[in-house]
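Step one of this worksheet: look at the structure below.
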There are 2 protein chains.
Amino acid sequence: MDKLGIIAGNGTMPQEVIAHCKSTNRDFFMVGLEPYVLPETLHDTPHISAKIGEIGRIFKHFHLNGVIEIVFAGGIQRPSLKELIPDLEGLKLMTKLAIKRMSDDNVFRILINEIEARGYKVVGAHEVMPHVLFEQGSYGSVKPSKSDMADIQKGVKVAKTMGELDVGQSCVVQEGIILAVEAREGTDNMIDRVAALKRTGRPPILVKIKKPGQDMRVDLPTIGPKTMEYLIKNGVKGLAVEAGSTIFLEKEKVLKMANEAKIFIFCSDFE
Amino acid sequence: MDKLGIIAGNGTMPQEVIAHCKSTNRDFFMVGLEPYVLPETLHDTPHISAKIGEIGRIFKHFHLNGVIEIVFAGGIQRPSLKELIPDLEGLKLMTKLAIKRMSDDNVFRILINEIEARGYKVVGAHEVMPHVLFEQGSYGSVKPSKSDMADIQKGVKVAKTMGELDVGQSCVVQEGIILAVEAREGTDNMIDRVAALKRTGRPPILVKIKKPGQDMRVDLPTIGPKTMEYLIKNGVKGLAVEAGSTIFLEKEKVLKMANEAKIFIFCSDFE
């Protein structure tokens with residue numbers, strides 16, 4: 001298989017990709033994006049650390065290491081222009097990006113075009129490891145009730161609308177009331193408000209879906225043990241995600257946690 | 001003038017209404033809703049304290065005190081059905097409210113109809129004290145820049161959409177990026193996330209507008225010294241509100257705070 005270049009952002013996703021490469025004997029080289037990448041991700045891994053603005057240096061090392069395909073793994077927050085200290089190549093790209101006020105999707109599209117213009121192929125994490133995507137159906141031993149399904153519908157409507165406005169991917173709903181909406185704080189921090197906001201009655205549900213029209217190669221919604229920890233800590237008793245476009249990290253561990261805490265995991269295409 | 005019944009929720013709005021009644025020699029009687037009303041609001045005020053479910057008792061005291069008009073003042077969070085311990089009258093009303101999953105607006109509409117069916121007239125705080133509403137234009141010594149105006153537009157779009165979905169009234173935007181969206185946590189808590197989320201560059205702006213189609217008699221967006229404290233604490237440098245439907249509490253004090261902190265206050269009808 002072609003050598004894989006991994007552009008590593010935050011979370012444990014980059015480690016999942018590394019583990020997958022190792023288990024399938026696929027060669028890889030990693031660019032750990034500062035300040036996003038977890039230090040342990042880089043341990044014992046062929047890599048350089050780089051700021052997102054150092055485009056020239058990043059491509060030099062991908063080239064020197066014989067990388068053919070490139071995958072984005074883990075979250076990268078869109079930086080403000082002033083936070084970037086670009087090298088010359090980065091400066092040119094940033095000028096393109098700065099031409100107009102752009103959505104995240106546009107920023108990523110330009111980034112991908114830029115990478116592919118240099119002869120690399122950008123692939124999605126789901127293409128590298130297709131088994132990581134959620135499939136339609138209920139996972140675990142708890143199933144959503146009819147009332148839960150109505151809440152899920154409401155949450156999907158809000159999350160999709162927020163996605164269309166390029167705000168965020170998730171919200172928490174309880175008995176028809178939206179308790180919290182994700183913007184820049186990220187899903188985990190958003191869930192962490194729920195303990196203080198939830199009411200007595202049927203417990204709240206997390207709904208997380210990709211932005212409508214989102215490029216599958218970047219920033220897919222991801223669920224893992226950390227998500228589950230936040231759900232448990234905040235008394236959220238259900239999770240609804242979209243089939244075919246949500247990454248399921250450490251599935252076995254997550255299912256064990258969900259079953260023990262009686263949290264349902266429901267997956268649909270929500271058309 | 002007709003005797004005014006004040007249904008008092010949280011914040012300093014009830015105290016503003018009391019002060020206004022006193023300065024215009026208008027008689028009033030207050031129902032302090034537990035657990036929302038601030039204890040100092042009830043001090044030296046003709047009142048009873050009541051839970052929102054005690055409808056029968058509330059009307060009995062309005063009747064005994066000769067109340068003709070009723071005004072809602074201050075925020076009341078929509079309670080979950082289980083949190084209510086209603087009396088008999090309250091139970092009947094709650095049954096109506098429980099017939100279907102309802103938006104806040106619907107809940108308030110039923111509540112108002114119920115009150116008016118008993119011969120009372122429900123008026124808005126802006127009718128009791130018309131001078132409290134924001135008018136079109138820029139307040140204070142700082143004006144929004146052209147880039148700020150673009151951010152305001154983006155924020156208005158998101159806040160209006162969230163209002164249509166009955167989620168919340170406000171959001172914070174910075175350089176085209178929505179940093180935070182208000183749901184059940186309320187505006188102040190939402191602003192309080194911004195210090196951790198904001199980037200370097202042009203500072204963030206709070207946009208707060210009423211829900212489209214919202215009944216002017218309940219839950220109008222309100223700006224006061226506490227809002228300003230949170231803006232200052234979090235480095236938010238602008239505030240955009242809607243003309244004719246936003247309550248401006250303690251105007252002089254707020255303008256002084258805004259000028260000192262170089263925060264602009266912009267008001268438009270955002271059509």
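Bear in mind these aren't lab numbers, they're just calculated from the coordinates by the rules spelled out. This one's a predicted model, so the numbers in the text were calculated from it and none came from an experiment. Positions of Cβ are generated from backbone atoms using ideal geometry, with glycine treated the same way; all protein chains shown enter the neighbour counts.
Here the protein assembly as shown is treated with +1 on each Lys and Arg Cβ and -1 on each Asp and Glu Cβ, and its dipole about the Cα centre works out to around 80 debye. Shown for A:Ser23: label points 7 Å from Cα along the beta-carbon vector, and their distances to the equivalent points in the other copies, 7.1 nm in ascending order.
In chain B, which residue puts its Cβ closest to the axis that turns chain B onto chain A, and how many whole Å away is it? Checking which Cβ lies nearest the axis yields B:Val181, 2.
The mean number of partner chain beta-carbon atoms within 10 angstrom of a residue's beta-carbon across peptide B:183-190 is 5. Between the listed residues B:Leu165, B:Ser147, B:Ala183, the Cα displaced farthest toward the positive end of the dipole of segment B:124-190, a dipole computed from Cβ unit charges relative to the Cα centre, is found at B:Ser147. R0 = 60 Å: FRET efficiency of A:Asp269 with B:Ser141, Cβ-based, nearest 0.05? E between A:Asp269 and B:Ser141, to the nearest 0.05, is 0.65. For segment A:173-268, the dipole from Cβ point charges (+1 on Lys and Arg, -1 on Asp and Glu) about the Cα centre works out to 220 debye, to the nearest 20. Charged side chains reduced to their Cβ positions (Lys and Arg at +1, Asp and Glu at -1) give chain B a dipole of some 560 debye around its Cα centre.
Per-residue shielding of B:158-164, expressed as the average number of other chain Cβ atoms within 10 Å of the residue Cβ, stands at 3. Working note: 222 nm ellipticity from helices only, DSSP H runs with n ≥ 4, each -39,500 (n - 2.57), summed and divided by the residues of the protein assembly as shown, gives -10500 deg cm²/dmol to the nearest 500. Taking B:Glu242, B:Glu182, B:Glu229 in turn, the Gaussian network model of chain B (Cα-Cα springs below 10 Å) assigns the largest fluctuation to B:Glu229.
A crude spin-label estimate for the pair B:Asn189 and A:Asn189, with each label 7 Å from Cα along the Cβ direction, gives 1.6 nm.
Measuring between alpha carbons in the structure, the pairs from B:Lys210/B:Lys237; A:Lys154/B:Lys198; A:Lys146/B:Lys208; A:Lys121/A:Lys154; A:Lys237/B:Lys226; A:Lys233/B:Lys211 lying more than 26 angstrom apart are A:Lys154/B:Lys198; A:Lys146/B:Lys208; A:Lys121/A:Lys154; A:Lys237/B:Lys226; A:Lys233/B:Lys211. If you run the Gaussian network model on chain A, springs between alpha carbon atoms under 10 Å, then out of A:Ile58, A:Ile48, A:Ile112 the most flexible one is A:Ile48. Using only Cα atoms, find the angle between the long axis of helix B:104-117 and the longest principal axis of chain B, and express it within 0 to 90 degrees, rounded to the nearest 10. Here the helix axis deviates by roughly 30 degrees. Indicate the gyration tensor shape class of segment A:155-202 (rounded, prolate or oblate), computed on the Cα atoms with a ≥ b ≥ c the square roots of the eigenvalues: a/c under 1.5 is rounded; otherwise a/b larger than b/c is prolate and the rest oblate. Oblate. Across the identical copies, the 7 Å label point of A:Met1, projected outward along Cα→Cβ, sits 7.5 nm from its counterparts, in ascending order. Take each residue of peptide B:165-176, count the partner chain Cβ atoms within 10 Å of its Cβ, and average: the result is 4. Using only the C-alpha atoms, the convex hull of chain B corresponds to 128 Å³ per residue.
Starting from the label point of B:Ala150 at 7 Å along Cα→Cβ, the same points in the other copies fall at 4.4 nm, in ascending order. One way to sum up the overall shape of segment A:1-60 is the equivalent ellipsoid from its Cα gyration tensor, whose semi-axes run 19, 14, 8 Å, largest first.
Treating the angle as unsigned and between 0 and 90°, give the value, to the nearest 10°, between the Cα long axis of helix A:13-23 and the longest Cα principal axis of chain A. With rounding to tens, the tilt is 70 degrees. Each part reduced to its alpha carbon centroid, segment A:11-65 and segment A:109-181 end up 25 Å apart.
Dipole of segment A:184-233 computed with +1 at Lys/Arg Cβ and -1 at Asp/Glu Cβ about the Cα centre; of A:Ala195, A:Ile209, A:Leu220, farthest Cα towards the positive end is A:Ala195. The protection proxy used here, the mean number of other Cβ atoms lying within 10 Å of each residue, ranks peptides B:16-25, B:203-212, A:185-194 as follows, highest first: B:203-212, A:185-194, B:16-25. In this label model, B:His131 and B:Lys262 are separated by 3.3 nm, measuring between points 7 Å along each Cα→Cβ vector.
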